[in-house]
1. Quick check on my filter: what residues within the stretch 24-46 are part of a helix (DSSP H, G or I), open to solvent by 30 Å² or more (accessible area, probe 1.4 Å) and among the small types (G, A, S)?
2. Those residues that are open to solvent by 70 Å² or more (accessible area, probe 1.4 Å) and modelled with pLDDT under 95, I need them from the stretch 47-67; list them, please.
Amino acid sequence: MSYPNLDAERARCGMTKDALARYLGVAPKTLYNWEHSTNIPLWALEKLRALFNCTLDYLTVHEDKEEKCER
C-alpha cells in the first residue's frame, strides 16, 4: 500500500523524504515503515495535515497495488 496524496504533497512542497522525516522528528526508515505498513500515527498525520494544509481524509486515501490490478 502507498499514500499517493502524501507523496504528491511532499513533492509539491519540494521536500525529500529525508526532509519530511526530519520535520516529523523521526528517522527516514521510520517514515518508510509508516508509509508501507499504513500505520502512520495520528500525531504525525496531524503535523502533515497542518504542513500541507489539507484534510486527514485526503492524506489517508491509500492505493493498494493489488486492488488496482484486479480492476
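The values are calculated or read from the model by the stated rules, or taken from the named source; none is laboratory data. Keep in mind it's a predicted model, so treat the numbers as computed, not measured. Quick note on the areas: whole protein, heavy atoms, side chains included, nothing else; ligands and nucleic acids left out. Shrake-Rupley method; radii C 1.70, N 1.55, O 1.52, S 1.80 Å.
1. S37
2. Once the filter is applied, which keeps residues that are open to solvent by 70 Å² or more (accessible area, probe 1.4 Å) and modelled with pLDDT under 95, the stretch 47-67 yields R49, N53, T55, D57, Y58, V61, H62, K65, E66, E67.
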